[in-house]
1. What is the local net charge at A20, summed over the other residues whose Cβ is closer than 13 Å to its Cβ (Lys, Arg +1; Asp, Glu -1)?
2. From the P(r) of region 342-435, could you give the percentage of C-alpha pairs in the tail past 18 Å?
3. When the chain is treated as a GNM, springs tying every alpha-carbon pair under 10 Å, which of L256, L38, L396 comes out with the largest mean-square fluctuation?
4. So for region 181-296, considering every pair of alpha-carbon atoms, how many percent are separated by more than 25 Å?
5. Taking semi-axes √(5λ) of the Cα gyration tensor in Å straight from the coordinates, which label in [x] 54, 23, 22; [y] 53, 29, 21; [z] 43, 28, 23 is the correct one?
6. Starting from region 333-437, pick out the trypsin sites (Lys or Arg not before Pro) whose DSSP state is loop and whose Cβ has at most 13 other Cβ atoms within 10 Å.
7. Given an 8 Å cut-off on Cα distances and at least 6 residues of separation, report the relative contact order of the chain as a percent.
8. For a quick size check, give me the Cα extents of region 285-363 along its three principal axes, largest first, whole Å.
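Nothing in this text is a laboratory measurement; each read-out follows from the coordinates by a stated rule. Just so it is clear, the model here is predicted, and its values are computed rather than measured. Note: ideal-geometry Cβ built from the backbone for every residue, glycine included; neighbour counts use all protein chains shown.
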Amino acid sequence: MHGTPTSRNLHKRMSKTIQAVRGMNDTLPEDTAAWQYLEAVLRDVVHAYGYREIRLPVVEKTELFKRSIGEITDIVEKEMYTFEDRNGDSLTLRPEGTAGCVRACMEHGLLHNQVQRLWYAGPMFRHERPQKGRYRQFHQLGVEAFGMAGPDIDAEMIFMSARIWQRLGLGHAVLQLNSLGTLDARATYRAALVGYLRSRADELDEDSMRRLAGNPLRVLDSKNPAMQDVIGGAPSLADYLDDESRQHFDDLCSLLDAGGIRYELNPRLVRGLDYYSKTVFEWVTDQLGAQGTICAGGRFDGLVEYLGGRPTPAFGFAIGLERLQALLLAGDTPLPDSGPHFYLVLDGERGIRHGLVFAEALRTAEPRLRVQTNCGGGSFKSQFKRADRSGAAYALVIGDEEAAQQTVVIKPLRDATEQFAVPQQQLMERLRGMLKI
C-alpha cells in the first residue's frame with residue numbers, strides 16, 4: 001500500500017524545507033565578524049561617555065506603544081506585530097526602544113531626583129515591505145539621557161554620534177538639525193499648520209488626509225512628489241519659535257561650532273509625535289543609493305509625563321545597525337579577523353590525547369590566542385584542507401612522534417614558507433612573536 005491521499009499530502013508538506021520568515025534574516029558565521037566589530041565600537045564609544053547599559057524586554061504591552069507612538073501612525077496602524085497571549089492580554093513585539101526604556105525607568109524609580117545616561121541595543125520588529133537596509137526584524141542602538149534640560153546634553157549626544165562615525169571611518173554622513181520649539185510653541189505651530197493644510201485639502205493625498213486629524217506634522221515628511229508644492233508653501237516652524245527655544249538652539253549651535261561639528265539647518269526636519277520638543281537631528285548619507293537616515297534623535301521632554309510620570313527632560317537617538325553595517329562593508333575600514341590564528345592538526349592516539357590537552361594549556365597561557373583543534377579524525381590531507389578552510393594563518397602539527405619528543409611542527413598556510421619544529425616549552429613565545437601579541 002502507498003498510503004491514503006491525505007497521508008501522502010501530509011508527507012509532501014512535511015518534506016518541504018522550512019525557511020525563515022520573510023524580512024527576518026539569519027546572520028551567517030562569515031558575516032558575524034562585521035557585526036561583532038560594529039557592536040564593539042558602539043559599546044566602547046557609549047561607555048567612554050559614561051552611559052550605562054539597560055536591557056529591556058522584546059515584548060511589551062500594546063498600550064505602551066499606542067500611548068507613546070500614537071494610534072494614528074503607520075507603525076501602530078499597519079506595522080506592529082501584536083497578538084493576544086493566553087491570558088487575553090494584548091502584547092506587541094517592540095517596534096522601537098524609547099517607550100520601553102521610559103517604562104523601565106518609571107517602573108524602577110530611576111528618574112526620581114536623579115539623572116540617567118542609558119543605552120540599549122537589540123532587535124525591533126515592524127511589518128514593513130522588506131528592502132535593502134530595511135527588514136521586519138531589524139536592530140537598533142538606542143541612547144537616552146534623562147533629567148537634563150540644557151543644550152549641553154544635546155551637544156554631547158551629537159558629539160557622541162559623530163565620534164561613532166569617526167571610529168568606523170564613515171566620513172560622508174551629513175548632520176541635519178532643527179528646533180521644534182517648546183511644547184507650547186509647537187502646539188501653536190500645529191494649529192497654524194492644520195489651518196493651512198485644510199485650506200489646501202483638495203491637494204492632499206490619502207496619507208496626508210489621514211495624518212491631518214491626529215499627526216499633522218508628519219505631512220511635512222511626505223515623499224510623494226505631488227505633495228511637495230503643498231509642503232513648500234506650509235508655514236515655517238522657525239517663525240513660531242519662542243525666545244526660550246531660540247536661545248536653546250543658538251546655544252546648541254554654538255557648542256557644535258566650538259566642537260568642529262558641521263551641520264545643515266533643515267526647517268522641514270520634524271518629529272510627528274506631540275511629546276517631542278526643541279532639538280531634533282538626523283545623520284543622513286547617500287552612500288546606500290537614495291539619501292537615507294542612519295541615525296535620528298531629538299529632545300522628548302514630554303514623553304515621561306505623557307506616560308504618567310513627572311515632567312522630565314529627555315534627549316536620545318537611535319541608530320539602525322543594518323544600514324550602518326552596510327556602510328561599513330562598503331567602505332575601506334579593515335575588519336578584524338575573528339577566525340582562528342592556528343589550526344591544530346593531530347595524528348595518532350598519543351598525538352590526539354596530548355594535542356587536546358596541550359591546546360588547553362595554550363589557551364590558558366594566552367587568552368587572546370585562537371586555536372581551533374581538529375576533531376573527528378581524518379587523514380593529514382583532509383585535516384590540512386580543514387585547516388585551510390578555517391582561515392588560520394598556520395597549522396600546528398602534533399603526531400605521536402611530536403608528542404614523544406615534546407615538539408610542535410609549525411606549517412604556514414598562507415605562503416610557501418617551509419615548516420619548522422619548535423620545542424613545546426618555547427612555543428608560546430614563538431606564537432606571540434608571530435602574532436605580535
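1. Cβ neighbours under 13 Å give a net charge of +1.
2. 38 percent
3. Its mean-square fluctuation being the largest, the pick is L396.
4. 29 percent
5. Working out semi-axes √(5λ) of the Cα gyration tensor in Å from the coordinates points to [y].
6. R368, R414, K436
7. Once normalised by length, the contact order is 14 percent.
8. 70, 39, 14
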